[in-house]
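Read through the structure below, which is laid out as structure tokens, and then see the notes.
Just so it is clear, none of the values below were taken in a lab; they were calculated from the coordinates. These numbers were taken from a predicted model, which means no experiment stands behind them. Backbone-built Cβ (ideal geometry, glycine too); neighbour counts: all protein chains shown.
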Amino acid sequence: MVSQLLKDLEDVLCTSIKNAEIKKNRLADPDYCKKAVALREYANVRRLKKLSNGVFIISAKELKKLYSSPCIYCGSKNSIQADHVIPISKGGVHSVGNLVPACRKCNQSKSNKLLSQWKRDNKNVFIR
Ligand SMILES: [Zn+2]
């Protein structure tokens, strides 16, 4: 009973802290709402594109292997993310065959470019 009351109180406090933070962000940045809407629309478009390209189940074992491997582009072991070799926006599927480990820096630099485009734009890219 008491623990439920404490949990409810915690939920109320968390919600009000979250709301206060959103209000603070809105006041600090007049374009906050526009940016939030644009981000949500981008996420929706990306999700739909991903679904229409094809989504395959990726096992926990495969994910563990992916995230424990070094960056395929530079060899770094820091901030490993899953990179879609053929970007979702260019028709790539969300499957193990299209995912490689990439550090955050390489993943952000590659963005939604194909490997050939990325290599052409960055002469120092070396794929291991
Ligand atoms: Zn890298």
Once the piece of chain linking Lys77 and Asp29 is laid out straight, how much longer is it, given 0.36 nm per residue of separation minus the C-alpha distance between them? 13.7 nm
What's the FRET efficiency of Lys18 with Ser116 using the Cβ-Cβ distance as r and R₀ = 35 Å, to the nearest 0.05? 0.20
Environment charge at Tyr32 (Cβ cut-off 14 Å; Lys +1, Arg +1, Asp -1, Glu -1): +3
Between beta-carbons, use under 9 Å as the cut-off and find the net charge around Ala102, counting Lys and Arg +1, Asp and Glu -1. +2
Need the full-extension length gain, Lys64 to Arg104, defined as separation in residues times 0.36 nm minus the C-alpha distance. One decimal, nm. 12.7 nm
If you consider only alpha-carbon coordinates, what radius of gyration and Dmax does the stretch 60-121 have, in Å? 11.1, 34
How do the peptides 113-120, 33-40 rank, highest first, by the average count of neighbouring beta carbon atoms within 10 Å per residue? 113-120, 33-40
Starting from the Kirkwood radius over alpha-carbon pairs of the chain, derive D by Stokes-Einstein at 25 °C in a medium of 0.890 mPa s and give it in µm² s⁻¹. 137
Scoring only Lys, Arg, Asp and Glu (+1, +1, -1, -1) among other residues with Cβ under 15 Å from the Cβ of Lys65 yields +1
